[in-house]
1. Which of the residues spanning region 69-85 are at negative phi, of a type outside the set (S, T, Y) and either assigned to a strand (DSSP E or B) or in contact with a Phe, Trp or Tyr (Cβ under 7 Å, 6 or more places away or on another chain) (or both)?
2. Mind checking which residues of region 183-208 are of a type in the set (A, V, I, L, M, F, W, C), farther than 22 Å from M395 by Cα and surrounded by 22 or more Cβ atoms within 10 Å (Cβ to Cβ)?
3. Out of all the residues in region 345-370, which are more than 13 Å from N130 (Cβ to Cβ), free of Cβ contacts under 8 Å to residues at least 60 places away in the same chain and of a type in the set (A, V, I, L, M)?
4. May I ask you to verify whether V327 is in contact (Cβ under 8 Å) with a residue 12 or more places away in the chain, more than 20 Å from K59 (Cα to Cα) and touching a helix residue (DSSP H, G or I) at 6+ places or on another chain (Cβ under 9 Å)?
5. Which residue is surrounded by the fewest Cβ atoms within 10 Å (Cβ to Cβ), if the candidates are limited to region 209-266 and must be of a type in the set (S, T, N, Q) and in a helix (DSSP H, G or I)?
6. Would you say P192 is modelled with pLDDT of 95 or more, part of a loop (DSSP other than H, G, I, E, B) and either within 27 Å of A379 (Cα to Cα) or assigned by TED's automatic domain parsing to the domain that holds P425 (or both)?
7. Of all residues being buried (at least 24 other Cβ atoms within 10 Å of the Cβ) and out of contact with any helix residue (DSSP H, G or I) (no Cβ under 6 Å at 6 or more places or on another chain) in region 387-404, which is modelled with the lowest pLDDT? Just the residue, please.
8. Considering (1) in contact (Cβ under 8 Å) with a residue 24 or more places away in the chain; (2) at negative phi; (3) surrounded by fewer than 24 Cβ atoms within 10 Å (Cβ to Cβ), say which one W135 fails and leave the rest.
Amino acid sequence: MRRPSLTTLRAAGALAAALALTATGCGDDPAAPGSGGELSGTTVTVAGVWTGGEQTNFKKVLDAFGAKTGAKTVFVPSGDNVSTFVGSKIEGGNAPDVVLVPQVGVLRQFAGAGWLAPLSERAAATAGGNLAPVWKEYGTVDGTFYGLYFKAAHKSTVWYAPDALERAGVTEPKTWDELLAAGRTLADSGLPAFAVAGEDGWTLTDWFENVYLSQAGPEKYDLLARHELKWTDPSVVTALTTLAEVFEDERLVAGGAAEALRTDFPGSVEKVFGPEPEAALVYEGDFVGGVARDEFGRKPGEDAAFFAFPPVGAGKAPVVSGGDAAVVLKDAKNAEAGMRLLEFLATPEAAAVWAGAGGFLSPNKDVKPEAYADDTARATAASLVAAGDSVRFDMSDQAPAAFGGTKGAGEWKLLQDFLRDPSDPERTAAALEAAAAKAYGN
């Protein structure tokens, strides 16, 4: 299951459901392509989860493709459950040509069902030249390269209001221990450290993944993500024990666990960047900056800033990512033209269109820094690209949805239970292992 979009979080899914019933043609825009071009007369249908500003900005990319090729493009919002949406479209004989898939597990599901066309030689060669090998690995199933990662998220960023840290005399921490000490200093100055979005279990999986990647290392992270390492492994218990250092301390969690479990992701950003701040820090991905800007009028780089999630113990600073992979459905009406779109999406030219509009990071190392709309985006993009093969994709997004992506079940629920009572990491690890074994079937 796709993590809830901000639109879904704020509108309880109603808007996404309504959007899924409509298709918006980029060709209706004045900037859409006219006649002429090698794909003139061809319509490429693209499905994805994006709504609001994300959808608007992606349409600018589609318009650029149309201007180059003469193709008309139609974007169809899928809603958050991409798997169900695409399956129903295939069954009805109305499959989109291209799908933006937000979860590794769903891409693997599509490939296993025989729905996907391998990337063309041109698309694969272009991507192979400008993406770190890890991104190709996440787009590959059983040795075949299907998914082109176009949009990425940097999920190892801690956001803050600079004036709050200045008042407390706190500087950006460089280690986990410094982070805890800074948080307690902030609390002593009158503002609790973290706004934790415990109502949304997916944010808690991200907390765990950053601690685990730094502390246990990428090799064990990969094994755990594939459930080739049990969740009862001592490395998991150690990471949960470390995470408990935050969860059990009311100076570090605004309002304590009870308040955190009533706070959703947008609410956690509001607690830091809203008109009446209730916390100094909020951990989540680079998209926090966009919410702070769009919802609360903050300017990233000025009154909304971030520092890298710090290394834990002797480990390295983690870089956890997520992303959206473009795939072509092989039996779609215009699959060949759809592949031409992927060849375009593989280029830095395509990424630069959205980068300039804001709210976007590309894993493409050939996107020039000046293409990004602001210094904060440039910094997060540079950090993501510099991480190279040390980047690890969101672990819960690699898991079966029953374990890693279902509200009120699996990892989401069990980490909410742990936030509520972090006193027994071994018990939580055992519960996670039982849920994982059931979901993975082993």
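The values are calculated or read from the model by the stated rules, or taken from the named source; none is laboratory data. Owing to the predicted nature of the structure, the values given are computational and were not obtained by experimental measurement. Cβ coordinates were reconstructed from backbone atoms using ideal geometry, including for glycine residues, and neighbour counts include every protein chain displayed.
1. In the first step, residues of region 69-85 are kept if they are at negative phi; the result is 69, 71-78, 80-85.
Right, trim to of a type outside the set (S, T, Y) and you get 71-72, 74-77, 80-82, 85.
A71, K72, V74, F75, V76, P77 - these are the residues of region 69-85 that are at negative phi, of a type outside the set (S, T, Y) and either assigned to a strand (DSSP E or B) or in contact with a Phe, Trp or Tyr (Cβ under 7 Å, 6 or more places away or on another chain) (or both).
2. Taking region 183-208 as the starting set, the residues that turn out to be of a type in the set (A, V, I, L, M, F, W, C) are 186-187, 191, 193-197, 202, 204, 207-208.
Those still in the list that are farther than 22 Å from M395 by Cα too: 186-187, 191, 193-195.
Hits for region 183-208 are L186, A193, F194, A195.
3. Filtering region 345-370 for residues more than 13 Å from N130 (Cβ to Cβ) gives 353-361, 369-370.
If we keep only those that are free of Cβ contacts under 8 Å to residues at least 60 places away in the same chain too, we end up with 355-356, 369-370.
Correct list: A355 only.
4. Values: in contact (Cβ under 8 Å) with a residue 12 or more places away in the chain: yes; more than 20 Å from K59 (Cα to Cα): no; touching a helix residue (DSSP H, G or I) at 6+ places or on another chain (Cβ under 9 Å): yes.
It is false that V327 is in contact (Cβ under 8 Å) with a residue 12 or more places away in the chain, more than 20 Å from K59 (Cα to Cα) and touching a helix residue (DSSP H, G or I) at 6+ places or on another chain (Cβ under 9 Å).
5. Kept after step one, since they are of a type in the set (S, T, N, Q), are these residues of region 209-266: 210, 214-215, 232, 235, 238, 241-242, 263.
Now restrict to residues that are in a helix (DSSP H, G or I): 210, 214-215, 235, 238, 241-242.
Numbers: N210: 27, S214: 26, Q215: 23, S235: 18, T238: 18, T241: 16, T242: 19.
That would be T241.
6. Numbers: modelled with pLDDT of 95 or more: no; part of a loop (DSSP other than H, G, I, E, B): yes; either within 27 Å of A379 (Cα to Cα) or assigned by TED's automatic domain parsing to the domain that holds P425 (or both): yes.
It is false that P192 is modelled with pLDDT of 95 or more, part of a loop (DSSP other than H, G, I, E, B) and either within 27 Å of A379 (Cα to Cα) or assigned by TED's automatic domain parsing to the domain that holds P425 (or both).
7. That would be A399.
8. (3)
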